[in-house]
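Everything on this sheet refers to the single structure shown next.
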Amino acid sequence: MRLVITDDYMEMSRKAAEWIAGEMKQKPGLVLGLATGSTPIGMYKELIEMYRKGQIDFSQVTTFNLDEYVGLHPEHPQSYHAYMWKHFFSHININKEHVNIPPGRFENEKDVCSRYDEKIKKSGGIDIQILGIGRNGHIGFNEPDSSLSIKTHIVNLALETIEANSRFFPQKDEVPKQAITMGLGSIMEAKTILLLANGRDKAAAIAKTLMGKVSTQIPASLLQLHPNVTMIMDKEAACFVTENKHVREWSFAYQSEGIG
Ligand code: PGA
């Protein structure tokens with residue numbers, strides 16, 4: 001795992017965007033796994049800026065989002081469909097046909113999940129999967145549990161996730177109780193993983209992810225088993241990690257190599 005610790009959210013966002021832009025130049029038909037939430041918004045802004053300056057081209061890029069709330073119509077302002085168009089897709093030259101987001105409304109749960117996995121496979125697999133992290137260590141909406149699903153599936157959201165995400169909804173009881181999410185298998189199959197975290201409220205989850213046991217109770221800890229993970233986080237999210245002398249030396253050694 002590589003660790004990049006930045007001074008603040010802006011620097012985290014810029015470094016993540018620069019890295020993705022570099023990869024896009026190497027492979028114009030990049031398959032990107034995308035995340036929602038407050039964490040990647042700055043990165044999307046940076047990528048939009050680079051696109052506006054003519055530095056990057058999304059016309060051949062394919063995207064797969066991690067998750068969506070069950071029951072929300074794509075036009076619902078809090079749906080992840082709406083989020084993605086508002087914060088990213090409407091501002092770049094992505095081909096609409098190349099955008100994939102799990103649907104929040106569907107007839108057959110099994111069909112919709114297996115179709116999503118099938119599409120990822122057909123695309124050749126995800127080149128770079130962007131991840132945020134929940135305060136409880138979830139990635140995508142894979143919540144802590146005694147076991148975790150490999151494939152795309154429907155999950156019951158943990159109470160703390162509902163609580164954390166209620167800030168985006170007018171009323172807490174409007175937060176959907178279920179989501180459709182890529183499973184740990186799809187995430188682990190991504191060729192490269194880029195996890196972003198900022199703020200003190202992510203520090204405990206980051207410490208457990210990096211320094212704790214691999215456990216389904218901290219889904220992000222499974223990333224310890226992935227061969228190509230980079231975590232870019234601000235110093236607040238990294239505060240428990242940098243207290244650990246061993247990890248601090250290890251992380252700074254990686255930083256001096258640069259990312260990418
Ligand atoms: P956040 O969410 O970026 O809004 O903190 C991250 C997550 O829950 O995965």
query: Gaussian network model of the chain, Cα springs within a sub-10 Å range: biggest mean-square fluctuation belongs to which of PRO102, PRO227, PRO170?
result: PRO170
statement: Among LYS27/LYS53; LYS15/LYS191; LYS96/LYS191, the pairs whose Cα-Cα distance exceeds 21 Å are LYS96/LYS191
field: Pairwise label distance in nanometres, ILE162 with ASP111, each label 7 Å out on the Cα-Cβ vector
entry: 2.9
statement: Env charge @ LYS27, Cβ radius under 14 Å, K,R +1 / D,E -1, value -1
- request: Please identify, among ASN108, ASN95, ASN165, the residue showing maximal mean-square fluctuation in a Gaussian network model of the chain using a 10 angstrom Cα cutoff.
  value: ASN108
- prompt: For segment 102-244, rounded, prolate or oblate, judged on the Cα gyration tensor with a ≥ b ≥ c (square roots of eigenvalues), a/c < 1.5 rounded, else prolate if a/b > b/c?
  reply: oblate
query: With θ set to phi - 60° and the Karplus curve 6.51 cos²θ - 1.76 cosθ + 1.60, what are the ³J(HN,Hα) couplings of segment 65-71 in order, to the nearest whole Hz, using x for Gly and Pro?
result: 7, 5, 7, 7, 6, 6, x
field: Charge dipole (segment 35-128, unit charges on Cβ, about Cα centre) - positive-most of SER79, TYR69, PHE58
entry: PHE58
task: Work through the residues other than LYS208 whose Cβ is under 11 Å from its Cβ and net out their charges, Lys, Arg +1 and Asp, Glu -1.
output: +3
- request: Only Lys, Arg, Asp and Glu count, each charged at its Cβ (+1, +1, -1, -1), so figure out the dipole size of segment 96-185 about its Cα centre, rounded to 20 debye.
  value: 200
- prompt: Which residue, TYR51, TYR80, TYR116, has the most motion in a Gaussian network model of the chain that connects Cα atoms within less than 10 Å?
  reply: TYR51
query: If packing is taken as the mean number of other Cβ atoms within 10 Å per residue, what is the order of 13-25, 126-138, 53-65, highest first?
result: 126-138, 13-25, 53-65
- prompt: In nm, what is the difference between 0.36 nm times the number of residues separating ASP8 and LYS96 and their Cα-Cα distance?
  reply: 28.4 nm
Contour minus Cα-Cα distance for GLN217 and ILE150 (0.36 nm per residue): 22.6 nm
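None of the figures in this text is laboratory data; all of them are computed from the coordinates on show. Quick caveat, the model's predicted, so the values are computed rather than measured. Because the Cβ atoms are built from the backbone with ideal geometry, glycine has one as well, and the counts that use them run over all protein chains shown.
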